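Single-structure report; data block below.
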Amino acid sequence: MAASRALLTLENFIGGKFLPCNSYLDSYDPSTGEVYCRVPDSGKEEIEAAVEAARAAFPGWSSRSPQERSQVLHQLADLLEQSLEELAQAESKDQGKTITLARTMDIPRSVQNFRFFASSILHHTSECTQMDHLGCLHYTVRAPVGIGVPAGVVNIVFGTGPRVGEALVSHPEVPLISFTGSQPTAERITQLSAPHCKKLSLELGGKNPALIFEDANLEECVPTTVRSSFANQGEICLCTSRIFVQKSIYNEFLKRFVEATRMWKVGIPSDPSANMGALISKAHLEKVRSYIKRARMEGAQILCGEGVDKLNLPPRNQTGYFMLPTVITDIKDESCCMKEEIFGPVTCVVPFDSEEEVIQRANSVKYGLAATVWSSNVGRVHRVAKRLQAGLVWTNCWLIRELNLPFGGMKSSGVGREGVKDSYEFFTEIKTITVKH
Ligand SMILES: NC(=O)c1ccc[n+]([C@@H]2O[C@H](COP(=O)([O-])OP(=O)(O)OC[C@H]3O[C@@H](n4cnc5c(N)ncnc54)[C@H](O)[C@@H]3O)[C@@H](O)[C@H]2O)c1
Ligand SMILES: N/C(=C/C=C\C=O)C(=O)O
């Protein structure tokens, strides 16, 4: 029996200290399907300790000036930047994403976010009114609700959603919840938080359409739509999973799109030339595959990918959670593949005739997160973008992020928004003060 390699064991980080836990969960390397790490299986006790640490840290941290807190956030960005490669390797290993995506998107975006918010907190203004006839001045101030960085301000508690997640979201001293995840979980969190009237920010799923009109520039549209469909194995809430193509260019688009999809390289995450790595878990891989099986049963066509083309992987990775990017056509709008979020490397391509028709069909799902519109007619992109039920509409591009402006979805894609103004308002309480002079 080969000696088992010492497994990486993570610890919770509470009150500025790394703390062991009584029990642990196995964490799997998505590229091999092997256990590579153990994470704490935390529960109520750990959440209580984290809330206590936060409670103790709050008075000191919340009274620090924006200038001091900005400096701390810039220092965090510096530390992330200095450890970019180590963090990219860790993220790629843990999530199955390619090292290239982790190096060029995930970690740099984290640095950018810290720097951006470190700057924005220095520029907020408040409101003021005067009642001269009463000799009154009114103004607003905002007080932090959450906490920032010194010991106890950031607490990291590992565990499962139902066990440690529920302990956190139902804790009476946790006043607000910023949740990113699926709609079913958001429903559960909303139920648990309701008795405490907690403030909620919910960033949920999407079933994001691409609307490709006959005057689209296919040289740009095809590669960008391949990327928006399959980046990070389709495990991005903003990924395109329904592609509506105007009939007159449908065959040409499909030919180019399938060719480009087949060039989208699936490889081991550490391969810098891979475009796509492994899905997050065995269970998720099987869930994604089940949608393709259902599409086949409904008589849809699978033009490339799962069950059509061959996946070439080294022997050690054949137990990894890999699948090929898959394109489905001849599928009805009523199909679950066109209605439900699959959150995998699967996209459906269907034709449409008119602008009116495609807007109605694009809006016919319960989600409303993101959309892309491809047309060289500037009047059309503005007109269509305004009518789409989506919180984010990219025209002739995808995933260009503007942190100054609201980010988030409508309908079942979430509640509230993130961004400079929206996050500032969410994480603070506003107060109106009247001074009679
Ligand atoms: N809108 C966005 O910005 C955005 C960004 C990324 C992902 N997403 C969405 O997230 C989903 C994929 O992420 P996921 O699979 O981790 O989602 P998930 O809902 O399964 O889990 C999200 C988080 O909630 C925790 N959780 C699970 N059950 C819980 C419970 N009962 N109480 C408290 N916490 C609980 C999980 O441990 C996890 O940390 C997709 O729907 C995707 O679209 C949205
Ligand atoms: N919050 C964001 C999420 C992006 C992709 C999620 O899968 C962001 O871009 O700010």
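Values computed for the structure shown
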item	result
Answer from SER170, SER228 - the residue that is within 17 Å of ALA54 (Cβ to Cβ) and not β-branched (Val, Ile, Thr)	SER170
Output for the stretch 232-268, where each listed residue is within 16 Å of ligand 1 (Cβ to nearest atom), hydrophobic (A, V, I, L, M, F, W, C) and surrounded by fewer than 24 Cβ atoms within 10 Å (Cβ to Cβ)	ILE236, CYS237, LEU238
The listed residue being more than 16 Å from ligand 2 (Cβ to nearest atom), open to solvent by 10 Å² or more (accessible area, probe 1.4 Å) and of a type in the set (A, V, I, L, M), out of ALA295, ALA278, ALA274, ALA194	ALA194
Residue match in the stretch 152-170 (condition: away from ligand 1 (no atom under 16 Å from the Cβ), in contact with a helix residue (DSSP H, G or I) (Cβ under 8 Å, 6 or more places away or on another chain) and not assigned by the TED database to the domain that holds PHE244)	yes
Lone qualifier among SER241, SER229 - being out of contact with any Phe, Trp or Tyr (no Cβ under 8 Å at 6 or more places or on another chain), within 16 Å of ligand 2 (Cβ to nearest atom) and part of a helix (DSSP H, G or I)	SER229
Strands (runs of 3 or more DSSP E) contained entirely in the stretch 146-224, each with at least 1 residues that are touching a Gly at 6+ places or on another chain (Cβ under 6 Å)	199-203
Filter result for VAL327 (at pLDDT 95 or above, away from ligand 1 (no atom under 16 Å from the Cβ), touching a Gly at 6+ places or on another chain (Cβ under 8 Å) and not in a loop (DSSP other than H, G, I, E, B))	yes
Condition broken by ALA151, with the remaining ones in (1) modelled with pLDDT under 95; (2) in contact with a Leu (Cβ under 8 Å, 6 or more places away or on another chain); (3) of a type outside the set (Asp, Glu) satisfied	(2)
Test for ARG103: is it of a type in the set (Lys, Arg), outside any loop (DSSP other than H, G, I, E, B) and either open to solvent by less than 60 Å² (accessible area, probe 1.4 Å) or within 30 Å of GLY320 (Cα to Cα) (or both)	yes
Test: residue in the stretch 187-194 that is over 28 Å from GLN71 (Cα atoms), more than 8 Å from ligand 1 (Cβ to nearest atom), touching a helix residue (DSSP H, G or I) at 6+ places or on another chain (Cβ under 8 Å) and free of Cβ contacts under 8 Å to residues at least 40 places away in the same chain	yes
All strands (runs of 3 or more DSSP E) inside the stretch 1-99 with 2 or more residues being over 30 Å from PRO269 (Cα atoms) and open to solvent by 50 Å² or more (accessible area, probe 1.4 Å)	17-19
Yes/no for TRP374 being touching a residue at least 60 places away in the same chain (Cβ under 8 Å) and hydrophobic (A, V, I, L, M, F, W, C)	yes
Qualifying residue in the stretch 212-227 (condition: within 16 Å of ligand 1 (Cβ to nearest atom), open to solvent by less than 20 Å² (accessible area, probe 1.4 Å) and of a type outside the set (Asp, Glu))	no
Whichever residue in the stretch 167-184 is open to solvent by 30 Å² or more (accessible area, probe 1.4 Å) and more than 16 Å from SER201 (Cα to Cα) and, among such residues, is farthest from ligand 2 (Cβ to nearest atom)	PRO172
Out of ARG55, ARG109, ARG38, ARG103, sole residue that is at pLDDT 95 or above and touching a strand residue (DSSP E or B) at 6+ places or on another chain (Cβ under 7 Å)	ARG38
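Residue-by-condition table, conditions (1) within 16 Å of ligand 1 (Cβ to nearest atom); (2) more than 27 Å from ARG227 (Cα to Cα):
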position	(1), (2)
CYS397	no, no
LEU405	yes, no
GLY408	yes, no
LYS411	yes, no
ARG417	yes, no
PHE426	yes, yes
LYS431	no, yes
HIS437	no, yes
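The values are calculated or read from the model by the stated rules, or taken from the named source; none is laboratory data. Predicted, not measured: the structure shown is a model, and the values here were computed from it. Cβ coordinates were reconstructed from backbone atoms using ideal geometry, including for glycine residues, and neighbour counts include every protein chain displayed. The accessibility values were calculated without ligands, DNA or RNA, using every heavy atom of the protein model including side chains. Shrake-Rupley method; radii C 1.70, N 1.55, O 1.52, S 1.80 Å.
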